[in-house]
Amino acid sequence: MADMDSEIRSAEQNTNAGLDELMSSRVALFKTRKYDWDALKFQADYDPAYRRAQMRYVGTGGTGVAKDVNTVPAGSFTFSTMVIPAGNIGPSHLHIDVEEIFFVLRGKMKVICEKDGESWETVLGERDLISVPPGVYRTEVNIGEEDALMCVMLGSPKPITPTYPPDSPLAKLKR
């Protein structure tokens with residue numbers, strides 16, 4: 001009930017603030033963003049094939065970035081774009097609490113999903129989407145010849161930081 005009360009107070013404050021102030025705080029212009037190549041740097045330090053960049057728009061996503069004041073506050077989900085250089089990999093990881101959506105804007109991505117010893121894969125191209133449910137490991141591989149650009153959306157304003165398969169060397173790394 002306390003969460004509901006705070007949501008109601010927050011909505012009332014936003015209404016009292018005026019539409020201009022409310023809506024201005026909910027705009028994230030491309031020209032004010034920059035790619036964060038350090039959000040997942042600990043992975044790239046382990047293996048350069050894991051190098052990729054996040055550009056945050058709504059909330060901070062699931063990369064473990066604690067704070068970014070240059071985003072629209074997350075209410076129900078996070079939204080960012082991700083650049084994955086040609087040949088690079090988003091290593092296998094698992095979100096236990098949220099659905100994750102990948103929408104390919106540019107490039108060609110192979111997505112491999114695994115659960116309970118089963119494996120499944122697909123190839124996504126421009127304007128293709130996959131929704132990966134919680135509890136399913138996912139790996140994204142740029143199999144194209146250009147940098148891939150994807151929209152990434154997580155179904156929570158503050159998703160739990162993802163975990164890696166127990167046999168993955170990334171599971172042992174400190175962020």
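The values are calculated or read from the model by the stated rules, or taken from the named source; none is laboratory data. These figures come from a predicted structure and were not determined experimentally. Positions of Cβ are generated from backbone atoms using ideal geometry, with glycine treated the same way; all protein chains shown enter the neighbour counts.
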### Task
Out of LYS41, LYS67, report the one residue that is within 25 Å of LEU22 (Cβ to Cβ), of a type in the set (D, E, K, R) and assigned by TED's automatic domain parsing to the domain that holds THR161.
LYS67
### Query
When residues of the stretch 77-90 are filtered for being outside any loop (DSSP other than H, G, I, E, B) and either surrounded by fewer than 16 Cβ atoms within 10 Å (Cβ to Cβ) or not assigned by TED's automatic domain parsing to the domain that holds VAL136 (or both), how many remain?
0
### Message
Can you pull out every residue in the stretch 40-56 that is surrounded by 21 or more Cβ atoms within 10 Å (Cβ to Cβ) and either at pLDDT below 95 or over 23 Å from GLY87 (Cβ atoms) (or both)?
### Response
LEU40, GLN43, ARG56
### Summary
Among LEU124, LEU105, the single one that is under 15 Å from the mean Cα position of the chain (by Cα), assigned by TED's automatic domain parsing to the domain that holds THR63 and among the hydrophobic types (A, V, I, L, M, F, W, C) is LEU105
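Residues are listed down the side, and each one gets a yes or a no for (1) out of contact with any Phe, Trp or Tyr (no Cβ under 8 Å at 6 or more places or on another chain); (2) crowded, with 19+ Cβ neighbours inside 10 Å; (3) over 19 Å from MET55 (Cβ atoms):
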site	(1), (2), (3)
GLU100	yes, yes, no
GLY135	yes, no, yes
CYS151	no, no, no
PRO159	yes, yes, no
### Summary
Checked pairs for the stretch 74-97, first within 16 Å of VAL111 (Cβ to Cβ), second among the β-branched types (Val, Ile, Thr), C-beta under 6 Å and 6 or more apart or across chains, list as MET82/VAL152; ILE89/VAL141; SER92/THR139; LEU94/THR163
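Residue-wise test of (1) in a loop (DSSP other than H, G, I, E, B); (2) under 30 Å from SER119 (Cβ atoms).
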{"residue": "LYS31", "(1), (2)": "no, no"}
{"residue": "PHE42", "(1), (2)": "no, yes"}
{"residue": "THR63", "(1), (2)": "yes, yes"}
{"residue": "VAL69", "(1), (2)": "yes, no"}
{"residue": "GLY75", "(1), (2)": "yes, no"}
{"residue": "SER92", "(1), (2)": "no, yes"}
### Query
Which residues, counting only those in the stretch 102-127, are outside any strand (DSSP E or B) and surrounded by fewer than 17 Cβ atoms within 10 Å (Cβ to Cβ)?
ASP116, GLY117, GLY125, GLU126, ARG127
### Query
Failed condition for VAL65, given (1) β-branched (Val, Ile, Thr); (2) surrounded by fewer than 20 Cβ atoms within 10 Å (Cβ to Cβ); (3) at pLDDT 95 or above, with all others met?
(3)
